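The next block holds one structure in the form of structure tokens; read it before the comments.
The values are calculated or read from the model by the stated rules, or taken from the named source; none is laboratory data. Note that the structure is predicted; figures quoted are calculated from it, not measured. All Cβ positions, even for glycine, are placed from backbone atoms using ideal geometry, and neighbour counts span all protein chains on display.
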């Protein structure tokens, strides 16, 4: 905020010395003044006592681990965002089951259980490497496929 205030002060000096036009001054004064007001508002909001918010968070922290609760309490847009975030926009429905090649690491540990229950098939996409690749003395020769 100090940088913007210094710019405004410098700009006001230029106006006083007739180094800039009135239109230029009014345009930049408005811009700098608006920025200063926004920064002051942000400082005021961030400076408020956050203890009440932290108390509510601490009281309900266990509910955040209950994904069923989080999903049922969310609105439609929040549900879409949650699904998009967890599956990185790669969730699709095929052959009667949901499928995805990507999933947040924190949820992937349950992928086998989810697959056994017929809810989701999680198939990581990646390179398939052979355990041993033959090499000739003259260089690398790929295996016949």
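If residue 93 satisfies all but one of (1) part of a helix (DSSP H, G or I); (2) at pLDDT 85 or above, what's the number of the condition it fails?
The single condition residue 93 does not satisfy is (1).
Condition first: surrounded by 10 or more Cβ atoms within 10 Å (Cβ to Cβ) and within 26 Å of the chain's Cα centre (by Cα). Now tell me which residues in segment 93-108 satisfy that.
98, 99, 100, 101, 102, 103, 104, 107, 108, listed by residue number.
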